[in-house]
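Read through the structure below, which is laid out as structure tokens, and then see the notes.
The values are calculated or read from the model by the stated rules, or taken from the named source; none is laboratory data. These numbers come from a predicted model, not from an experiment. All Cβ positions, glycine included, derive from the backbone under ideal geometry; neighbour counts span all protein chains shown. Heads up: the accessible areas ignore ligands, DNA and RNA and are worked out on the full protein's heavy atoms, side chains in. Shrake-Rupley method; radii C 1.70, N 1.55, O 1.52, S 1.80 Å.
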Amino acid sequence: MAEEIILLDFWPSMFGMKVRIALAEKGLKYERKEEDLLNKSPLLLEMNPIHKKVPVLIHNGKPICESQIIVQYIDEVWKDKSPLLPSDPYERAKARFWADYIDKKLHLLGGKLWRTKGEEQEASKKEYLECLKLLEEELGDKPYFGGENFGFVDLTLMPYFSWLHVFEIATNFSVEVERPKLITWSKRCMERDSVSTSLPDHQKLYDFFLQLKKWHGIE
Amino acid sequence: MGEEVKLFRTWSSRFALRIVWALKIKGIEYETVFEDLSNKSPLLLQYNPVHKKVPILVHNGRPIAESLVILEYIDETWKQAPLLPEDPYERAMARFWAKFGDDKVLTSIWSVFIKQGKEQEEALVAAMENLKFLEEEMKGKKFFGGERIGYVDLALGCLANLISVFEETIGLKIVDEEKLPLFYSWMQNFAEAPIIRDNWPPRDKMLVKFQALLDAAIASSSSS
């Protein structure tokens, strides 16, 4: 049976990036449709009527929404290649815990980083670095969060590093100095084709970020 | 093999309740450790240093935190009475509804409870929109899991009790049987199901707790 995979996506979306990496890790061919979030397509509204958000994976006509859920779906359907979650239930629980932590904390804090100024921004920077410290401790001396193999937590965190580069320039703080182990880890991840082809070019992302600030009326 | 299972919880935590139900549905023996969140035990802080919250499941000395993560762990470790479906698409849908419950439904119902006047009216409209999606999902089913209680029922389950506590406290109907007949039936069926009904937190304590929360919210909004 011919598999039809469509990804409704928005190129700067961290959540979209996650799914792109997962699909690439599994070597899956798919059609990517770029959404204009100011003018959402009828397909998006039909496939994700509740949240009307990207990413949405459409597999043989059936939609799956929410990036963590999509990645787990991909892992369960195409289970014979490049497992993204470990097989042991306890290790799986740890992976899900950290992925949940990353999405909850870094997403919120990232937003605060660029939307605030002065003391508030300094406080957000500090908190962001604290979260990265926790993650660095969790990584320890392993090559990937998944251990020897690139996996669920790695692909959840990498998109944030894409944006982190933008925030570093915009808010003048250096993750390299503060969290060198994570920088080493991110460089290791970038050596994987699945990651480097899924993340946007830094300059393009920075230009988008400047646009975003303008739209939100932030200097 | 000696299995040692401990659940760290509070008497009213709706997230911990999910775990109580899951363990009992699977017939797993466990020990309960009640926590006082205003005076967290060293063990709690050791087992969940990141969030410092309950519930925490400790299985043979290894801690797992975050209730939906714990539910999946339980389902993968003890295979009897499965909570999640086998089919990957059905599993994805179950995870979606559980997340929808946490992210949107619970928060919108809380808003109806805690707000007043015009804000409450608007919150009720938003809550109804969310509940309508759940109403749709219930078509042709007794429980969200089908014939048996499953992952989504456990994730949304606290609503079957909490909504009536809220309604009694604020004197306002949130789930109207005529407008949401299927969801209303689910609330009744779920609340009365054998294992579920035996484990609700004491209603009188719940009423006292939520009245106090409401009073505090009203006081702080009128003093600002």
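Report, in debye and to the nearest 20, how large the dipole of chain B comes out about its Cα centre when Lys and Arg carry +1 and Asp and Glu carry -1 on their Cβ.
380
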Self-check item: Prolate/oblate/rounded call for the stretch A:1-108, Cα gyration tensor, a/c under 1.5 rounded
Solution: oblate
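Run the dipole for chain A about the Cα centre, Lys and Arg Cβ at +1, Asp and Glu Cβ at -1, nothing else charged, and hand back the magnitude in debye, nearest 20.
Numbers: 32 positive and 36 negative charges, 64 e Å.
Roughly 300 debye for chain A.
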Quiz prompt | Distance between modelled label sites at B:Leu43 and B:Gln120, nm, 7 Å Cα→Cβ extension | solution = 4.2
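What is the percent carbon and sulfur in the accessible area of the stretch A:1-115, measuring with a 1.4 Å probe over the protein chains and ignoring ligands? The partial results should precede the final answer.
Details: 2800 of 5070 Å².
After summing per-atom areas, the C and S share lands at 55 percent.
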Practice problem: Work from the charge dipole of the stretch B:57-189 (Cβ charges, +1 for Lys and Arg, -1 for Asp and Glu, about the Cα centre) and give the residue of B:Pro88, B:Leu159, B:Phe144 farthest towards its positive end. | Solution: B:Pro88
Self-check item: Separation of alpha-carbon centers, the stretch A:165-179 and the stretch B:91-121, rounded to whole Å
Solution: 36
Practice problem: Please turn the phi angles of the stretch A:194-204 into ³J(HN,Hα) values with the Karplus equation 6.51 cos²θ - 1.76 cosθ + 1.60 (θ = phi - 60°), one per residue in order, whole Hz, x for glycine and proline. | Solution: 4, 7, 5, 7, 9, 9, x, 4, 4, 5, 4
Quiz item: In the protein assembly as shown, what is the volume of the convex hull around the alpha carbon atoms, normalised per residue and reported in Å³?
Solution: 179
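Compute the signed sum of charges (Lys and Arg +1, Asp and Glu -1) over the other residues within less than 15 Å, Cβ to Cβ, of B:Lys141. Show your work: numbers first, answer last.
Numbers: positive: B:Lys139, B:Lys142, B:Arg148; negative: B:Glu90, B:Glu135, B:Glu136, B:Glu137, B:Glu147, B:Asp153.
Counting the neighbours of B:Lys141, the net charge comes to -3.
What is the dipole size for the protein assembly as shown, taken about its Cα centre, with +1 at each Lys and Arg Cβ and -1 at each Asp and Glu Cβ, in debye to the nearest 20? Before the final figure, lay out the partial values.
Values: 60 positive and 69 negative charges, 64 e Å.
Magnitude of the dipole: close to 300 debye.
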Exercise. Can you pull the one-decimal nm distance between simple spin-label points at A:His107 and B:Asp36, each 7 Å off the Cα toward Cβ?
Key: 3.7
Quiz item: Quick one: if you stick a label point 7 Å off each Cα along the C-beta vector at B:Thr107 and A:Lys79, how many nm between them?
Solution: 3.3
Quiz item: What aspartates and glutamates sit close enough to A:Lys126 to cross-link, taking a C-alpha to C-alpha distance under 19 Å and skipping anything fewer than 8 places away on the same chain?
Solution: A:Asp103, A:Glu136, A:Glu137, A:Glu138, A:Glu168, A:Glu176, A:Glu178
Self-check item: Förster radius 22 Å - calculated FRET efficiency between A:Glu176 and A:Lys142, Cβ distance, rounded to 0.05
Solution: 0.65
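Mind checking the stretch B:148-202 for trypsin sites (Lys or Arg not before Pro) that DSSP puts in a loop (not H, G, I, E or B) and that have at most 13 other Cβ atoms within 10 Å? Display every interim value, and only then the final one.
Working: sites: B:Arg148, B:Lys173, B:Lys179, B:Arg197; in loops: B:Arg148, B:Lys173, B:Lys179.
Here the sparse-neighbourhood loop sites are B:Arg148, B:Lys173, B:Lys179.
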Quiz item: Quick one: of the DSSP bridges fully inside the protein assembly as shown, what percent are antiparallel, nearest 5?
Solution: 70
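As a check on your grasp of the helix formula, calculate [θ] at 222 nm for chain A: sum -39500 (n - 2.57) over DSSP H runs of n ≥ 4, divide by the residue count, round to the nearest 500. Please report the intermediate quantities before stating the final value.
On the way: 10 runs with 131 residues, N = 219.
Computed mean residue ellipticity for chain A: -19000 deg cm²/dmol.
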Practice problem: Ignore the peptide's own chain and count Cβ atoms of other chains within 10 Å of each Cβ in B:71-79; give me the average, rounded. | Solution: 3
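Per residue and in cubic angstrom, what volume does the convex hull of the Cα atoms of the stretch A:47-122 have?
Numbers: hull volume 9.5 nm³, N = 76.
In the stretch A:47-122, the Cα hull volume divided by residue count equals 125 Å³.
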Practice problem: With unit charges on the beta carbon (Lys/Arg positive, Asp/Glu negative), name the residue among A:Gln203, A:Ser162, A:Phe173 whose Cα is farthest towards the positive pole of the charge dipole of the stretch A:155-219. | Solution: A:Ser162
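Report for chain A the percent antiparallel among DSSP-assigned beta bridges with both residues inside it, nearest 5. Mind showing how you got there, number by number?
Numbers: 9 of 13 bridges.
DSSP beta bridges in chain A are roughly 70 percent antiparallel.
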Quiz item: Can you list the aspartates and glutamates whose alpha carbon sits under 13 Å from that of B:Lys79, skipping same-chain ones fewer than 8 residues off?
Solution: none
